[in-house]
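The values are calculated or read from the model by the stated rules, or taken from the named source; none is laboratory data. Quantities reported herein were computed from a predicted structural model and do not represent experimental measurements. Counting neighbours? That spans all protein chains shown, and the Cβs are built from the backbone with ideal geometry, glycine included.
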Amino acid sequence: MTDKLFYKLWTDAIAQPDREMYISEYGYPEWFNEISDDAAEITSVLCNIHDAAHMSVREIIKEFGLTQAAFAEKFCIPLRTVEDWVRGKSKCADYYRLMLMQFLGVIRR
């Protein structure tokens, strides 16, 4: 999948909170063959992107069995910043969550 296609799928996923609506909005565009010839595989990739787009920092930390302190240390992020993201006091930018998830292997491309 090209970066351009992934960017479109990611931004569309962020904009659509409902997973089923996100998947159903695509129909069968010509770029599906860029992902796979198998409809189930395409659906799996779209689900993965949507789920990742709506994953909170708290969920990312929990997914990998890290403490907030270990997560902060792993990525050289001030602990207070991580705590604020988890509590909802401040928001982690979508592009930053994407980089973290790509590094941790949450997103399959």
Lone qualifier among VAL45, VAL57 - being under 16 Å from ASP94 (Cα atoms), more than 10 Å from the chain's Cα centre (by Cα) and either of a type outside the set (Phe, Trp, Tyr) or outside the structural domain of MET1 (by TED's automatic domain parsing) (or both): VAL57
Which listed residue is among the aromatic types (Phe, Trp, Tyr) and assigned by TED's automatic domain parsing to the domain that holds LYS4, from TYR95, TYR26: TYR26
Matching residues in segment 75-86 - criterion: being surrounded by fewer than 16 Cβ atoms within 10 Å (Cβ to Cβ) and under 19 Å from the mean Cα position of the chain (by Cα): PHE75
Subset tally (residues that are part of a loop (DSSP other than H, G, I, E, B) and either more than 18 Å from LEU9 (Cβ to Cβ) or touching a residue at least 60 places away in the same chain (Cβ under 8 Å) (or both)) for segment 52-92: 13
Qualifying residue in segment 1-11 (condition: in contact (Cβ under 8 Å) with a residue 40 or more places away in the chain, in contact with a Leu (Cβ under 8 Å, 6 or more places away or on another chain), under 24 Å from VAL86 (Cα atoms) and surrounded by 14 or more Cβ atoms within 10 Å (Cβ to Cβ)): yes
